[in-house]
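Novice: For reference, the structure I am asking about is given below.
Bear in mind these aren't lab numbers, they're just calculated from the coordinates by the rules spelled out. Every value quoted in this text rests on a predicted model; they were computed, and no experiment measured them. Note that each Cβ is placed from the backbone with ideal geometry, even for glycine, and that neighbours are counted across all protein chains shown.
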Amino acid sequence: MKIMFTPSDDPLVDADTPNPARIYDYLLGGANNFAADRDAAEQAMRVGQVGRTVARSNRAFLRRAVRFMCEQGVDQFLDLGSGIPTVGNVHEIAQQANPHARVAYVDNETVAVTYARRLLADDPRSVMVEADLRHPEQVLADPALTGLLDLSRPVGILLVSVLHFVPDAEDPAGIVAGYREAAAGGGYLVVSHYTDEGYSEEKRARAEAGKDVYQRRTRTPVVARGRAELAALLAGTELVPPGVVWAPDWHPDGTGTDPEVSSESEMYAAVARIP
Ligand SMILES: C[S@@+](CC[C@H](N)C(=O)[O-])C[C@H]1O[C@@H](n2cnc3c(N)ncnc32)[C@H](O)[C@@H]1O
């Protein structure tokens, strides 16, 4: 289902400033983005980011990770920085495996929140919470979330393609720990994260130019992190084999949405069990 969102739908929407949620929606082929978002996405791609491939490959990882968690018996999910709901949403994937699965989405972008609420209006097992994921205590205390998820039981917590919007100064490790420490044992943390590790000089220069577009035009600059840094963010958990790998290499299923060379996904990915 596609719902075209127009700026007049919500006076709080700043349609003139490109936003990562709507840029990402554009890259995935969605209809919930504005001219400024499309322009920034095209500009970033022109200078070197393989935007569409990266977005689709990341989304394919998310699908595989949710299926994996369902196979482990997880039946409730917290999708932090969920973005604008697109085909293959967490609740769709999870409810295919288990019709009783429950999903709380969290985002702080108005279009993502408004669109998700429309999409989920008829689904009593899904909810959209408008919140800033950098404040775990507030997120986890939100009545809409606590009304749906039982935090005393295992939860699959997704931080997919979002922690690179949290700079070191805002303590991403502390944020992840806030969720991990509040979660029951047997749950999972799922993370994918932008990296420029192992880039050639030329590719790094192009990536920097692409990042510069985000830096200058959006309110959320991107921070690249390496494999060791991502593993450190997951301290206190048990990494599911094969550990922190390029997103396409995490339990590949041959669905064909990945780049030919895994490192061109530009994302490291991992699934970790909460002990
Ligand atoms: C690149 S999209 C990823 C969407 C989805 N997780 C996926 O991987 O397909 C990043 C999302 O994170 C959201 N986001 C960024 N910072 C956030 C914050 N501090 N709190 C809540 N959401 C945030 C953005 O609004 C955007 O929707």
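Novice: Using the Kirkwood formula over every pair of different C-alpha atoms, what hydrodynamic radius in Å results for the chain?
Specialist: Computed over the chain, the radius equals 18.7 Å.
Novice: Now for a different question. For Val103, list long-range residues whose amide hydrogen, built 1.01 Å from N in the peptide plane, is under 5 Å from its own amide hydrogen.
Specialist: Placed amide hydrogens put Phe77, Ser126, Val127 under 5 Å from Val103.
Novice: Next up: If I take all pairs of Cα atoms in the stretch 19-140, what percentage of them are more than 24 Å from each other?
Specialist: Tail of the P(r) past 24 Å holds 30 percent of the pairs.
Novice: Over the stretch 120-253, what lengths in whole Å, largest first, do the semi-axes of the equivalent ellipsoid take, defined as the square roots of 5 times the eigenvalues of the alpha-carbon gyration tensor?
Specialist: Listed largest to smallest, the semi-axes of the stretch 120-253 are 29, 19, 15 Å.
Novice: I need the helices of the chain that pass two filters: whole DSSP H segments spanning 27 Å or more by Cα along the axis, and mean Kyte-Doolittle score no lower than -0.5.
Specialist: Once both thresholds are applied, what remains is 51-71.
Novice: What is the sum of charges, Lys and Arg at +1 and Asp and Glu at -1, for the other residues whose Cβ falls under 15 Å from the Cβ of Ser57?
Specialist: Once positives and negatives cancel, what remains is -1.
Novice: Please give the direction-averaged projected area of the C-alpha convex hull for the stretch 47-105, in square nanometres with one decimal.
Specialist: Over all viewing directions, the stretch 47-105 projects a mean Cα-hull area of 4.3 nm².
Novice: Now for a separate question. Work out which trypsin sites (Lys or Arg not before Pro) in the chain are exposed loop sites (DSSP not H, G, I, E or B, at most 13 other Cβ within 10 Å) and give the longest gap free of them.
Specialist: Counting only loop sites that pass the neighbour cut-off, the longest clear stretch is 3-218.
Novice: Okay, moving on. Tell me, in nm to one decimal, what length is gained between Asp142 and Asp253 on full extension, where the rule is 0.36 nm per residue of separation less the Cα-Cα distance?
Specialist: 36.4 nm
Novice: Tell me what the chain gives for mean residue ellipticity at 222 nm when only DSSP H runs of n ≥ 4 count, each as -39,500 (n - 2.57), the sum divided by the residue total, rounded to 500 deg cm²/dmol.
Specialist: Mean residue ellipticity, 222 nm, calculated: -11500 deg cm²/dmol.
Novice: Given the options Val106, Val162, Val13, which has the most mean-square fluctuation in a GNM of the chain, springs set between C-alpha atoms less than 10 angstrom apart?
Specialist: Checking each option, the largest mean-square fluctuation is seen for Val13.
Novice: Now, a different point. Can you give the extra length, in nm with one decimal, that the chain gains between Ala184 and Gln72 once fully stretched, where that is 0.36 nm per residue apart less the Cα-Cα distance?
Specialist: Length gained between Ala184 and Gln72: 38.9 nm.
Novice: Taking 0.36 nm per residue of sequence separation and subtracting the Cα-Cα distance, how much length would be gained by fully extending the chain between Ala35 and Asp16, in nm to one decimal?
Specialist: Gain in length upon complete extension: 6.1 nm.
Novice: Right, here's the next one. Report the charge-dipole magnitude of the chain in Debye, nearest 20, computed about the Cα centre from +1 at each Lys and Arg Cβ and -1 at each Asp and Glu Cβ.
Specialist: Dipole about the Cα centre, nearest 20: 400 debye.
Novice: Please express the Cα-Cα pair-distance distribution P(r) of the stretch 58-208 as a list of whole percents, one per 10 Å bin, running from 0 to the bin with the greatest distance.
Specialist: Whole-percent P(r) values from 0 Å outward: 11, 41, 34, 10, 3, 0.
Novice: What does DSSP give for the chain in terms of the percent of beta bridges that are antiparallel, rounded to the nearest 5?
Specialist: Antiparallel bridges make up about 40 percent of those DSSP assigns within the chain.
Novice: Quick one: which residues, 5 or more positions from Leu239 or on another chain, have an amide H under 5 Å from its amide H? H modelled 1.01 Å from N in the peptide plane, none for Pro or chain starts.
Specialist: Here the answer is Arg273, since their amide H atoms fall under 5 Å of that of Leu239.
Novice: Restricting to the stretch 116-275, what percent of DSSP beta bridges are antiparallel, rounded to 5?
Specialist: The antiparallel fraction comes to roughly 70 percent.
Novice: From the backbone phi of the stretch 148-165, what are the Karplus-calculated ³J(HN,Hα) couplings (6.51 cos²θ - 1.76 cosθ + 1.60, θ = phi - 60°) in whole Hz, Gly and Pro given as x?
Specialist: 10, 9, 9, 6, 7, 10, x, 10, x, 9, 9, 10, 9, 6, 9, 5, 6, 8
Novice: Net charge within 9 Å of Leu189 by Cβ-Cβ distance, Lys/Arg positive one each and Asp/Glu negative one each, not counting Leu189 itself?
Specialist: With Lys, Arg at +1 and Asp, Glu at -1, the net is +2.
Novice: Using alpha carbons only, what's the Rg to Rh ratio of the stretch 234-275 with Rh from Kirkwood?
Specialist: 1.04
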